[in-house]
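The values are calculated or read from the model by the stated rules, or taken from the named source; none is laboratory data. Here the structure is a predicted model, which means the values were calculated and not measured. Quick reminder, even Gly has a Cβ in these numbers, built from the backbone with ideal geometry, and neighbours come from all protein chains shown.
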Amino acid sequence: MGQIHPFPRRHRPQAAPRSRGRRFPTLLPMYALIGMGVIGASVYGLPADVFVDRDCADFRTRAEAQAFFVAQGSGDPHRLDEDNDGRACERNR
C-alpha cells in the first residue's frame, strides 16, 4: 500500500513556489522606512527636547566636567555634583 494522505492527490495543498535570490522586493519597504528615518534625522535634526544624560565617566578631566556643569546653568539634571557643593565630578582626576 502507499502512504495515506488526508486529501486525495488532486486536492492536496501545494507549497507556494519559492523565488531564489529575489529578496530585494520583499525588503524594499523596510529599506525605504529606514532611509526616510535616517534622512529625516539628518535634515531636520533631533527634536529640541531630547535629553542625553552625561556621567562623570564621559569627561576626560574634572575641568572638562566642571565646564559642562557650569554651562548647563541652574540645577543638576546629570547628577554630576553628588554633594551639591558646586564642583562636578570630584572623583575624576
Flagged in region 77-93 as modelled with pLDDT of 85 or more and either of a type in the set (D, E, K, R) or surrounded by 12 or more Cβ atoms within 10 Å (Cβ to Cβ) (or both), in numbering order, are 78, 79, 80, 81, 82, 83, 85, 87, 88, 89, 90
Hey, can you tell me all the residues within region 51-75 that are surrounded by 14 or more Cβ atoms within 10 Å (Cβ to Cβ), in a loop (DSSP other than H, G, I, E, B) and charged (D, E, K, R)? 54
